[in-house]
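Engineer: Shown below is the structure under consideration.
The values are calculated or read from the model by the stated rules, or taken from the named source; none is laboratory data. Values in this document were obtained by computation on a predicted structure and should not be read as measured data. Please note: Cβ atoms are built from the backbone with ideal geometry, for glycine as well, and neighbour counts cover all protein chains shown. Quick note on the areas: whole protein, heavy atoms, side chains included, nothing else; ligands and nucleic acids left out. Shrake-Rupley method; radii C 1.70, N 1.55, O 1.52, S 1.80 Å.
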Amino acid sequence: MNIHAIKAIYLFEMARTWRTLMQSIASPVLSTSLYFIVFGSAIGSRMAEIDGISYGAYIVPGLIMLTVLTESTSNSSFGIYMPKFSGTIYEILSAPISALEIVMGYVGAAASKSIVLGLIILLTARLFVDFSVAHPVWMLAFLILTSVSFSLLGFIIGIWADSFEKLQVVPLMVIAPLAFLGGSFYSIHMLPPLWQTITLFNPVVYLVSGFRWSFYGVSDVNVGFSLAMIAVFIVICLGIIAWMFRTGYKIKV
Amino acid sequence: MHPIISIQNLSKTYPSGFQALKSISLDIQPGEIFALLGPNGAGKTTLISIICGIVNPGDGRVLADGLDIVTQYREARQRIGLVPQELSVAIFETVWDTLKFSRGLSGKPMDKAYLEQLLRDLSLWDKRHNKIMTLSGGMKRRVLIAKALAHQPRILFLDEPTAGVDVELRRDMWQMIRKLRESGVTIILTTHYIEEAEEMADRIGVINKGELVLVEEKAALMKKLGQKQLTLQLQKPLDGIPTSLADFPLTLTQNGEQLIYTYDEQNEKNRIAELLRQLSALHVEFRDLKTSQSSLEDIFVSLVEEK
Ligand SMILES: Nc1ncnc2c1ncn2[C@@H]1O[C@H](COP(=O)(O)OP(=O)(O)OP(=O)(O)O)[C@@H](O)[C@H]1O
Ligand SMILES: [Mg+2]
């Protein structure tokens with residue numbers, strides 16, 4: 001295992017985060033704060049409790065997930081797309097490193113950033129609404145697993161994309177709708193039966209549900225099932241990445 | 001001594017169906033400077049990219065220091081440094097950070113003293129805290145060289161290192177390349193500047209349309225293919241070449257004022273004296289004479305045109 005190389009890629013990516021601190025951390029925090037002001041305080045004050053939890057508190061886990069999902073995907077995809085675009089990927093390809101090590105560097109950095117971001121949003125939310133976390137360790141576990149799995153997805157998108165448009169279209173057109181429709185702002189039991197069934201095909205439902213359980217001990221779907229779904233998702237992503245590197249898909253001709 | 005790079009029947013067909021390399025076989029000896037010449041699109045960059053792991057190899061195989069570049073890529077790549085043809089470097093980074101990054105990728109532990117010396121040698125030490133986007137093209141090229149050397153490779157590939165580099169800097173680079181070789185690094189460079197190959201290389205390979213058409217010691221190449229010409233500036237123009245001189249390869253310029261004798265330096269030792277004696281006997285007198293030797297460029301052009 002080439003630890004020095006993993007560290008080099010990881011630190012390079014984290015340096016990019018610090019350079020673009022405003023964009024990386026401040027803007028998601030700002031937009032999340034706006035959500036809390038609008039949905040949590042303004043609208044939330046007129047909403048009934050869900051599962052015995054005030055609406056403002058109910059949406060906290062969903063909002064964190066929303067940001068973590070989109071940021072993981074876009075950071076990770078950007079991280080690997082840029083060297084491809086600028087040509088500096090030659091250095092990665094000609095270095096004595098394996099595909100796994102490359103992934104660990106890039107995905108590790110993107111996931112770390114998302115985890116930090118998630119925790120910052122958690123603290124920000126605490127300023128707006130009162131809530132407590134019932135299972136902190138599980139909360140962290142869900143946060144880490146989600147960050148890692150969607151950073152893996154972002155990595156795949158970054159390798160697949162051959163234009164900036166494609167790079168942006170997936171987080172915008174796929175991840176965001178899935179996140180919105182994944183029960184971030186409501187319990188899926190509030191939907192008509194047909195939509196409840198359709199929603200179960202949305203992987204984000206399991207993330208949000210599991211994450212919310214770690215806060216309040218209530219969930220839309222079984223927690224064990226949530227974990228299993230995340231595991232399946234990670235395995236699929238890893239499989240696709242392994243295939244990409246084996247065939248040199250879009251990185252090596 | 002086993003070759004430091006051994007290319008064995010290497011072919012490459014791009015997914016487009018274009019065959020960029022046609023069964024190339026070539027051994028590079030440790031410590032030599034090897035120049036790869038060839039017109040645009042000949043396959044130079046393709047060959048280098050395969051050895052460095054940037055392009056997938058087709059048939060055949062390549063050993064670097066006896067290590068297979070595919071199955072033993074880790075060990076092989078640790079020995080190899082690459083300065084790419086394109087100026088691709090992360091422009092938002094500082095010189096020092098990008099160098100540290102390169103060192104890290106190789107898996108070798110950080111060595112500040114070595115990296116400092118490297119930057120000093122390349123006159124980049126003063127620029128170490130500058131972002132790369134603030135550097136000139138020539139400086140960026142040197143940053144790429146520093147990155148390629150950050151892990152102390154035994155083999156260095158330079159893909160057109162002096163493209164777009166001014167005369168002074170080019171001399172500096174040649175100097176640096178020689179110093180590297182003295183320290184035991186094997187150097188493979190591509191270039192479009194024939195004088196560069198002539199100046200630097202121990203051996204020269206010419207590649208054209210994916211085929212290695214020639215590999216030769218530079219000196220031997222110059223000798224073997226280097227034609228010499230003796231030009232005689234005549235006192236009085238001649239109407240034609242005298243018939244008694246018919247077995248000399250002579251040409252007369254249109255105005256009849258210059259007589260040109262083309263010869264191979266090696267086989268024709270005494271013929272010049274013979275020619276001059278005969279000319280004197282025929283009372284053909286000349287004001288001036290000069291000899292000239294064909295350059296690598298002439299050799300190269302004639303080789304590529306033949307195909
Ligand atoms: N990714 C690719 N897909 C298809 N064809 C390619 C690809 N890369 C290079 N080629 C073709 O392979 C041939 C060799 O290209 P290569 O870059 O190796 O040439 P070169 O000798 O380095 O030329 P130059 O002196 O211009 O740098 C060219 O005809 C080029 O068009
Ligand atoms: Mg080239």
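Engineer: Beta carbons within 10 angstrom, averaged per residue: use that to sort the peptides A:132-145, A:208-221, highest first.
Structural biologist: A:208-221, A:132-145
Engineer: Something else now. Where both residues lie in the protein assembly as shown, what percent of DSSP beta bridges are antiparallel, nearest 5?
Structural biologist: Counting DSSP beta bridges with both partners in the protein assembly as shown, the antiparallel share is about 70 percent.
Engineer: Considering Cα pairs under 8 angstrom that are at least six residues apart, work out the relative contact order of the range B:179-307 and quote it in whole percent.
Structural biologist: 28
Engineer: Right, next: Determine ³J(HN,Hα), in whole Hz, for all residues of the range B:109-120 in sequence, where each value follows from phi through the Karplus function 6.51 cos²θ - 1.76 cosθ + 1.60 and θ = phi - 60°; x replaces Gly and Pro.
Structural biologist: x, 4, 9, 4, 4, 5, 5, 4, 4, 4, 5, 5
Engineer: Among bridges DSSP assigns within chain B, what percent are antiparallel (round to 5)?
Structural biologist: Once the DSSP bridges in chain B are tallied, antiparallel ones form about 70 percent.
Engineer: Order of B:290-303, B:201-214, B:244-257 by packing, highest average Cβ count within 10 Å first?
Structural biologist: Final packing ranking: B:201-214, B:290-303, B:244-257.
Engineer: What ratio of Cα Rg to 2.2 N^0.38 Å holds for the protein assembly as shown?
Structural biologist: Here the answer is 1.37, to two decimals.
Engineer: Note down the nm distance, to one decimal, between modelled labels 7 Å out along Cα→Cβ at A:L127 and at B:E257.
Structural biologist: 9.1
Engineer: Placing unit charges on C-beta atoms (Lys and Arg positive, Asp and Glu negative, everything else neutral), compute the dipole magnitude of the protein assembly as shown about its Cα centre in debye, rounded to 20.
Structural biologist: With only Lys, Arg, Asp and Glu charged at Cβ, the dipole is about 1220 debye.
Engineer: What list of ³J(HN,Hα) values in whole Hz, one per residue of the range B:172-178 in order, does the Karplus curve 6.51 cos²θ - 1.76 cosθ + 1.60 (θ = phi - 60°) give from phi, with Gly and Pro shown as x?
Structural biologist: 4, 5, 4, 4, 5, 5, 5
Engineer: What number comes out for accessible area per residue over the range B:89-152 if the probe is 1.4 Å? Units Å², please.
Structural biologist: Normalised by residue count, the accessible surface of the range B:89-152 is 42 Å².
Engineer: To continue, here is another question. Within a 10 angstrom radius of each residue's Cβ in A:75-88, how many Cβ atoms of other chains show up on average? Whole number is fine.
Structural biologist: Counting other chains' Cβ atoms within 10 Å and averaging over A:75-88 gives 2.
Engineer: Where in the range A:1-49 does accessible area fall by at least 10 Å² between the isolated chain and the complete protein assembly, at a 1.4 Å probe radius?
Structural biologist: Correct list: A:N2, A:H4, A:A5, A:A8, A:I9, A:F12, A:R19.
Engineer: Once the convex hull of the alpha carbons of chain A is built, what does its volume come to per residue, in cubic angstrom?
Structural biologist: Measuring per residue, one finds 129 Å³ for the Cα hull of chain A.
Engineer: Could you run the numbers on buried accessible area between A and B, total for both chains, 1.4 angstrom probe, in Å² to the nearest 100?
Structural biologist: 2400
Engineer: Using each residue's phi in the range A:220-235, evaluate 6.51 cos²θ - 1.76 cosθ + 1.60 at θ = phi - 60° and report the 3J(HN,Hα) Karplus result to the nearest Hz, with x for Gly and Pro.
Structural biologist: Each residue of the range A:220-235 in turn: 6, 10, 4, 5, x, 5, 4, 4, 4, 5, 4, 4, 4, 4, 4, 4 Hz.
Engineer: Give me the one-decimal nm value for the distance between modelled label points at A:L100 and B:Q152, 7 Å along each residue's Cα-to-Cβ direction.
Structural biologist: For A:L100 paired with B:Q152, the spin-label model returns 2.9 nm.
Engineer: While we're here: Cβ neighbours within 10 Å, averaged per peptide: list B:155-165, B:59-69 in order, most packed at the top.
Structural biologist: Put in order of decreasing packing, that is B:155-165, B:59-69.
Engineer: Evaluate peptide B:89-96: per residue, the Cβ atoms of other protein chains within 10 Å of its Cβ; return the mean as an integer.
Structural biologist: 3
Engineer: Follow-up. Per-residue Cβ counts within 10 Å, from other chains only, averaged over B:103-114: what number is that?
Structural biologist: Average neighbour count from other chains, rounded to a whole number: 5.
Engineer: Which lysines have a Cα lying under 28 Å from the Cα of B:K12, excluding residues fewer than 8 positions away in the same chain?
Structural biologist: List returned: A:K84, A:K250, A:K252, B:K22, B:K44, B:K147, B:K209, B:K218, B:K307.
Engineer: From the P(r) of the range B:89-152, can you give the percent of Cα pairs sitting at distances over 19 Å?
Structural biologist: Tail fraction, whole percent: 18.
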